[in-house]
Protein chains: 2
Amino acid sequence: MSRYKQVQFTDVHIDGEFWRERIETVLVRTVPSQYENLQGHGILESLTVPRPAPPLRIPVGQHGLSTQLFWDSDVGKWIEAASYALAHRRDPAIEARIDAIAELLAKAQLPDGYLNCWYLSREPDQRWTNLRDRHELYCAGHLVEGAIAYYQTTGRRRLLDILCRYVDHIAQQFGPGPGQRRGYCGHPEIELALVKLHHATGERKYLDLAAYFVDERGRQPPHYFDVEATLRGEDPKQFWFKTYEYNQSHMPVREQVKVVGHAVRAMYLYSAMADLAADLGDARLKAACEMLWRDVTGKRMYITGGLGPSEDNEGFTRDYDLPNDTAYAETCASVALIFWAQRMLNLDCDGAYADTLETALYNGALSCLARDGVHYFYQNPLESDGSHKRWTWHPCPCCSMNVARLIASVGGYFYSTGADALAVHLYGGNTATISVGGRAVRIRQHADYPWSGKVRIEVDPDAPAPFTLKLRIPGWVRSYALRVNDQAWTAPSTNRGYVDVQRTWKAGDAIELDLHMPIERIYAHPSVRSDIGRVNFRRGPLVYCAEEIDQGAAPLAALRVPRTATASAVPRPDLFSGIVTIVAGAVRVAAAGGELYRPEPYATEPATLTAVPYYLWNNRGPNRMLVWLPEC
Amino acid sequence: MSRYKQVQFTDVHIDGEFWRERIETVLVRTVPSQYENLQGHGILESLTVPRPAPPLRIPVGQHGLSTQLFWDSDVGKWIEAASYALAHRRDPAIEARIDAIAELLAKAQLPDGYLNCWYLSREPDQRWTNLRDRHELYCAGHLVEGAIAYYQTTGRRRLLDILCRYVDHIAQQFGPGPGQRRGYCGHPEIELALVKLHHATGERKYLDLAAYFVDERGRQPPHYFDVEATLRGEDPKQFWFKTYEYNQSHMPVREQVKVVGHAVRAMYLYSAMADLAADLGDARLKAACEMLWRDVTGKRMYITGGLGPSEDNEGFTRDYDLPNDTAYAETCASVALIFWAQRMLNLDCDGAYADTLETALYNGALSCLARDGVHYFYQNPLESDGSHKRWTWHPCPCCSMNVARLIASVGGYFYSTGADALAVHLYGGNTATISVGGRAVRIRQHADYPWSGKVRIEVDPDAPAPFTLKLRIPGWVRSYALRVNDQAWTAPSTNRGYVDVQRTWKAGDAIELDLHMPIERIYAHPSVRSDIGRVNFRRGPLVYCAEEIDQGAAPLAALRVPRTATASAVPRPDLFSGIVTIVAGAVRVAAAGGELYRPEPYATEPATLTAVPYYLWNNRGPNRMLVWLPEC
């Protein structure tokens, strides 16, 4: 069913300033420092499985579990992030480290293929007894993703082979056959990894296993997690999170219409569902994905692409419940939303998916990583009293590797190919070599995106080639101009958010696209209580926020934006090696020392409000911050 | 120092409709049903102390403690509430119950006077070992208050004598003398009870004990609660609430300038401080009270007179932190604010204190009790998604008896006397007989307050008497008219919120006061984040709110109030046996099914908003509610 396939990160060389700088930071600072953290926190050591296994010892953390349970996944995600970064510039030192990890894993792996270092070290006789809570298959999935990425970048199969053996073992254990467990993981992840493994190896069996896991999920009665808990001698009702909505197993996935529970689990699951819809041509699964997509983007998503307001379940609550100051909005959830969006986009090349992908990419996900490349947000609130700050490491470091693998692989989100079509989803400087209808087409993008909407694309096929170049017109665009080989090109209309330029392309062809990028005032649906009477400034794909540090003498809390005030895009080459700020007319409420309640509004005096891109907030020390500005 | 003394509840007969109906409900429904609840929940049974005492058994609840620890206080508060109600109409059945309770207490009391039923039943050898957490002196205080009220209403001394013996025992135990404990209660309450006991008995020793407890509080090093914890073999640092700000013992009370910690504890403490400032002529204590008063009313009080935003400590957090939907605003805290306000008011007859007293009385405190007299709010939020409802009983039923004793004794808040002065603080129909300068003066108020500001006061001294009648001009009044014996009376200015009518009063004199009562739009200080862009409607002393049930077809969340919209006071004789509603021009945002974010505000259509007094909310079933309405 999927008519489009992403152009792999390995085929896209990013050289535009915006992403080049982030990728370079990830390669030079983030990936090495994460390795040190994995080492310093005992996570790499955990791969060294002692023989014989020591007696049972379960470290206890929140909800009676330890993050050590899923340390394998941290290693897998680091390998994945490092591998994407290596695609930009190989580094023998990092590769030697990954090869060494592969050897540790090879040594830990049991003869039957089993490979979960936590279980092997602590509870070797308890494997596969608690899929609900213990992340066992989730860890396998992340190791698989890491192995695939390393293979794609380096061509080395050693790690991939180890993981294939493990997955073959898993395939034996799980399924509807006699003697098999009819289980699936409490934390979806392996499903999408299995689809990737299918694509990387061509083996159908991995796709089948993914389909089994997805369709088995939520089947009842009996519910697998109940059965399993009873076998452990536990009362299934004692589940910490009370409801299986938490892990999206409350009903079969095809029947689900509301986005619920733990946000990252939800996004990983839906990504796998979209994968399967594409690879199996499963229209019902596609329809379920579309329903869930409308739900989350229509009622349950922050303007930044952040997901999940609540810390309690790290996830969703009620429609339009999007508090700003207490927003959980876990980085991993926005990263995973991008995964899902890309898969939905490739089903029909519908720009609505690319719009959300781009929003989450430039805002809710990117905000995780500090400019220095070594500090991270786990939560991404939309308002701060100044108490928030990025951390260098987290007891649950999932987000740090997730943002690193996203940034390092951003090239993989720029293009897709379809039958005689090449779709350009993202703008920014890069060079790519893409096979379209059997022809190698070299694409060269020049753009100062996201600061400017002016884009030049040079199209250079190895021989004249008729195909459609689909140029995304982002949802935020109200007007644009397009020239093909210096001639104005007037498209009758856009096709689901893309201008289709259909012609025979030949060497030397060039396109100039000017996406007009005014500052927009964005309003939330009135049912979002936290945003009533508030406005957000957006320019292009960037959501802006106001930090107190930029407001001169005015306390941020005292600033209001009149509805009629003008706002200007002001380039600031001095700030963060060059950004565009928004400077708007504002008023300042003069109320210092005033009464708590009074029968007339406080007087105001003219002021100026300066806003910076949200993803950059908190890079100049802790700071009061607002995404949604009070309008007056 | 106190120049004014309250006129006791026993001397004021309420016959105005507003309070008469509430008092009647308390007498006929609330007090009897509370007795049944005290019985049904084992609280009365707990007074029957078995001999010999059973082995140690501590029921465990939140923070490792049980509400059973302070059941004596529930009994004391019920006796107090019942006694105030009985002053309106005696009831032998209720009195027989109180007399029976007195006999149970007499039987439980040890020969040395000790009388805490929980300790006597469960840990007789542990008494006075944990003043920080166990409410032992707090319980004594409430029993004392109950005994005084019963004595005032009935003249019966049996219960009062029992409690005096107990207090004498307490006075032996605590103090700076040799062999005495230098302790004080973690939950202030006994201090103000002791001042009342001093007033009721004339015994100076009770005032001295109160002064000791107040001034000993927070003295360090060493801190008494640390010493005590160490003696129990506990680590003092393991205090659940981390800081002694929780119980206002973080520093000596005279040095305290910020209102912190558990709100009820704070208000009870400050009430006792104000009492002592008055009775001891202690200017420094008065100054400390004034500082704390400015802090709470200037930065930490809800518009309803609710106090304490946080459920965590049942108390205060940061300046201007006044969230509406999660407001804790415990009923007891507003009731206790009224206690404190009355004491501050009597120091100087400054109307600012009466304004806050009236606000808390008509709004934050009164909202606790349902119209039916048998359902209660513990928390008083200023916004609801419809999930709140009053309960019939609570594991910690403190608020139910607190609101009952407040309503039943409301007559005691109407008047104070000073040297040759009679101050009228509250308006509403009543008849009072008051001694002014040695003369008995009969006062008759006619008023439909708070629905109307027109008040007629007949002054009827037993012989012509020169004194100043001080008429409060509430802080919400912008204009008023005053006639004395049908002649316009023009006051040069008000004296701290009161018009002083100084003359020789004689039988047949009458005053007509017309306090103009327009609807006002109230705005919060801009630092109150939750109220930015929002407005409240207030009329007279009543804070209004909008409940969804009154908005016709419009969802409450969709309504906005244009700044220029007019609002009218609309009498509704059909609603709650007659109230005045506010009907305002509004707009309704038409956004059903609309996008979550968009570049222009949602369109609006004309609508009407109906608001009802806050204290009445949630009397027609659970319901969405807003005190602060979005303005546009």
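Quick rundown of the values:
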quantity	calculated
Set A:K5/A:K196; B:K107/B:K196; A:K5/A:K470 screened for pairs whose C-alpha atoms are more than 22 Å apart	B:K107/B:K196
Partners for A:K77 among aspartates and glutamates (Cα-Cα distance below 14 Å; same-chain residues under 8 apart left out)	A:E145, A:E189
³J(HN,Hα) computed for each position of segment B:258-271 - Karplus, 6.51 cos²θ - 1.76 cosθ + 1.60, integer Hz, glycine/proline x	10, 7, 9, x, 4, 5, 5, 4, 4, 5, 5, 4, 5, 4
Values of log10 I(q)/I(0), in the order q = 0.12, 0.23 Å⁻¹, for segment A:400-460 under a Debye, Cα-only, solvent-free model	-0.34, -0.98
Per-residue ³J(HN,Hα) for segment B:19-35, Karplus 6.51 cos²θ - 1.76 cosθ + 1.60, θ = phi - 60°, Hz, x for Gly and Pro	7, 4, 5, 5, 5, 4, 4, 4, 5, 8, 10, 5, 4, x, 5, 5, 4
Cut-off under 5 Å, modelled amide H: who pairs with B:V570 long-range	B:T581, B:I582, B:V583
Other copies of B:R478: label-to-label distances in nm, shortest first, labels 7 Å along the beta-carbon direction	3.9
Against the rule of thumb 2.2 N^0.38 Å, how large the Cα Rg of segment A:350-391 comes out	1.38
Gyration tensor over alpha-carbon atoms, chain B, equivalent ellipsoid semi-axes in Å	39, 31, 23
Over segment B:563-632, equivalent-ellipsoid semi-axes from the Cα gyration tensor in Å	28, 15, 10
Residue and distance (whole Å) for the chain A Cβ nearest the axis that superposes A on B	A:G533, 2
Other copies of B:R598: label-to-label distances in nm, shortest first, labels 7 Å along the beta-carbon direction	3.8
Percentage of interatomic Cα-Cα distances in segment B:333-432 larger than 18 Å	51 percent
For segment B:2-55, average projected area of the Cα convex hull in nm²	7.8 nm²
Whichever lysines have a C-alpha closer than 26 Å to that of B:K299, once near sequence neighbours (fewer than 8 apart) are set aside	B:K242, B:K258, B:K286
Span per principal axis, largest first, for the Cα atoms of the protein assembly as shown (Å)	119, 72, 52
Copies compared at A:D235 - label distances in nm, ascending, label defined 7 Å from Cα in the Cβ direction	3.2
In segment A:127-213, the GluC sites (Glu not before Pro) that fall in loop regions by DSSP, at most 12 other Cβ within 10 Å	none
Descending Cα extents along the principal axes, segment A:280-406, whole Å	46, 30, 24
Alpha-carbon centroids, segment A:166-245 and segment A:400-445: separation in whole Å	33 Å
Overall Cα dimensions of segment A:242-285, principal axis frame, Å, largest first	35, 18, 12
Number of partner chain Cβ atoms within 10 Å, mean per residue of A:595-607	5
Cα radius of gyration and Dmax for segment A:77-127 (Å)	14.0, 43
Per-q log10 I(q)/I(0), segment B:97-237, q = 0.13 Å⁻¹ (Debye; single scatterer per alpha-carbon; no solvent)	-0.56
Derived scalar couplings ³J(HN,Hα) [segment A:549-566; Karplus, 6.51 cos²θ - 1.76 cosθ + 1.60; whole Hz; x for Gly, Pro]	4, 8, 9, x, 7, 7, x, 3, 5, 8, 8, 10, 10, x, 4, 9, 5, 8
Rg over Rh, two decimals, segment A:498-632 (C-alpha only, Kirkwood Rh)	1.12
Unit Cα scatterers, Debye sum, segment B:177-250: log10 I(q)/I(0) for q = 0.17, 0.18, 0.21 Å⁻¹	-0.70, -0.77, -0.94
Shielding score for A:526-536, defined as the mean number of other chain Cβ atoms within 10 Å	5
Partner chain coverage, peptide A:515-524 - average Cβ within 10 angstrom	3
Estimated Rh, segment B:239-339: Kirkwood, alpha-carbon pairs, angstrom	13.5 Å
Viscosity 1.306 mPa s, 10 °C: Kirkwood-radius Stokes-Einstein D of segment B:388-534 over Cα pairs, µm²/s	90 µm²/s
Surface/4 of the Cα convex hull for segment A:459-536, nm²	7.1 nm²
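Readers should treat all values here as calculations from the given coordinates under stated rules, not as data from a laboratory. Everything numeric here is computed off the predicted structure, so don't read it as measured data. Don't worry about glycine lacking a Cβ; one is built from the backbone with ideal geometry, like all the others, and counts go over all protein chains shown.
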